[in-house]
1. Give the residues of the range A:374-396 whose amide nitrogen is closer than 20 Å to a point set 7 Å from the Cα of A:GLU441 in the direction of its Cβ.
2. How do the peptides B:14-21, A:315-322, A:2-9 rank, highest first, by the average count of neighbouring beta carbon atoms within 10 Å per residue?
3. Per the helix-only calculation at 222 nm, which mean residue ellipticity applies to the protein assembly as shown, given -39500 (n - 2.57) for every DSSP H run of n ≥ 4 and division by its residues, nearest 500 deg cm²/dmol?
4. Kindly state, as a whole number, the per residue volume in cubic angstrom of the convex hull around the alpha carbon atoms of the range B:9-102.
5. Show me, bin by bin at 20 Å from 0, the whole-percent P(r) of the protein assembly as shown based on Cα pairs.
6. Quick one: angle between helix A:204-219 and the longest Cα principal axis of chain A, in degrees between 0 and 90, rounded to 10, please.
7. Quick check: pseudo-label points 7 Å beyond the Cα along Cα→Cβ at A:MET1 and B:GLU29, how many nm apart are they?
8. Let me check against my output: what whole-number percent is the relative contact order of the range B:15-93, with C-alpha pairs under 8 Å and at least 6 apart?
Amino acid sequence: MVGRALNTLKVVIIGAGPAGVRAAQTLVAAGVRPTVIDEGRRAGGQIYRRQPDNFTRSLETLYGTEASRAQGIHDTFDGLVDQIDYLPETLVWNISDGRVFAVSEKRETTIEYDALIICSGATDRLMPVKGWDMAGVYSLGGSQVALKSQAVSIGQRVIFMGTGPLLYLVASQYLKAGAGVVAVLDTSSFIKRVVAAPKLMSAPDALINGLKFTLALKAAGVPVLTGIRPLEITGDVESGVSGLIFETGAGEHREIKGDAVAMGYHLRPETQLADLTRCEFAFDEKSHLWYPKVDEDGRATTANVYLAGDGARILGARAAEVSGKLAALACLKDAGAPVLDNEIMALRQDMACWKRFATGLREAFPWPAEQAAKLPDETVVCRCEAITAGELRRTVNAMGAKEANRAKAFSRVGMGRCQGRYCALAGAEIIAAAAGIPVSEAGRLRGQAPVKPLPICIEDDEAAAAISTVRELTK
Amino acid sequence: MAPRFYRLAETGRKVVNLTLDGQPVAALEGDTLMVALLSAHGHLRRSEFGDGTRAGFCLMGACQDCWVWTEDGERLRSCSTAVSDGLNIRTNPPEVSWSDVL
């Protein structure tokens, strides 16, 4: 791509959250007309997801302390729409040979690129618990989407369980919106937060917001317990959730009642598309996550592929804006465009600050890997196909499958319609514990196209014409 | 069955009429299909693997737990489908043969 005139450079950005929007803005400013493909109906990503046009709640109601950042992203993107090729409600389902394969409204499009900036974001990271396959259990992020973009609560008496900053944020947002919050149950112990405090001071306003959420919950009389271990979500397979049994930090078993559970253990990156470009991955021992390898500015190991936002590293929305800019500048630099080194240096410094803050969060709210070995055999691991921890352990113990892809082939854990998004990380921990190996040796599930299920009736123009002819003839 | 979702605000919107398994459901303009159905009903579908009812999980198009079907057999991901007047939804996939599709 070196030497190409910038106005003919074909750059495709996947994702229109904070990283994708800032990447697009940076490219447009340099004279590039990028294509922005986004699965959402409107830009903003998950964090700055917009409500439908006929809703009237204020930005402050929707985004709280982040209202001005949300508005900044929305306004920036709205101002770019005439200078980019924007494909909303479009799913990228494959990447191969310098082309992106996308589908929208059952119609397929293929787009060639010189450079690709993937800003695919994150989803909730989940650890199974017995009963989590019942109706009324939602991911924390999903519970937030219900409130933010649809003004509904997932139940009348909601139990918030898991760990991470989102646990306190969403619970306090529910409380403020008038929903019933039964309890906030955190698997991380309070002392971890104290130890991580110096690193969390890298973003003092974010730390203070987190403390405010906890104080507001406590002031409203909501029990906030730390160091717990969930044992079972109770209920009925027909009518759904009725409560949660957990072990307190002191080792007592307790049961609380509720008609919904919002659960999550921080976030995991969406890396399937990066994987399809055949870039290399590395295991991060501290978080137990596999990340695509990137250099300081977001270059993947595959030429002309750049990664930004939580899909590259779980660093949060503000870091996503910075990494989106950096990835776009790296792309411009590689294309031979004049890029100021000072600008890159300043952005790298911002990223260093967010990395330190993210390390603090990870240490304060650790992934409870040790729960995997303790899950009873009857616990469903794969929600898609109701496959249990016992069945997965059997493939390890009786069939010798100690590698994630092999265990997937035997057990089908990771083969369902979510394609491992909600079971693969916990599944790897279960495999590793059963086999007595480090989780890094269990490996990671390979990304497969299509990265999400496609409607079987995708049409091209010829096929559409043929079908309508047959319909006419058979009338 | 009791509804699963509860509306907290934005209730002054225009009513949109749907049908769920033959029963009328009053939704609001701007609702996703999932929110419309679960504001009136306890679940979206039954797990085909025998572990009971399902009502969605991620609400962001990643888990595929919220599938429902139209009378024509078209599968919809209800968390990311907007409601429209007259939608006729089933919580079970209809039996459809190839000749029906054509």
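Coordinate-derived values only; no laboratory data. Given the structure is predicted, the values throughout are model-derived calculations rather than measurements. Here the Cβ is made from the backbone with ideal geometry for all residues, glycine too, and neighbour counts use every protein chain on show.
1. A:374, A:392-396
2. Details: B:14-21: 14.9, A:315-322: 23.5, A:2-9: 11.8.
In descending order of packing, they fall as A:315-322, B:14-21, A:2-9.
3. Details: 18 runs with 189 residues, N = 577.
Using -39500 (n - 2.57) per qualifying helix, the result is -10000 deg cm²/dmol.
4. On the way: hull volume 10.5 nm³, N = 94.
Cα convex hull per residue, to the nearest whole number: 112 Å³.
5. Taking all Cα pairs of the protein assembly as shown, the binned fractions are 21, 57, 22, 1 percent.
6. For A:204-219 against chain A, the angle is about 40 degrees.
7. 4.3 nm
8. Values: 166 pairs, mean separation 28.6, N = 79.
Across the range B:15-93, relative contact order equals 36 percent.
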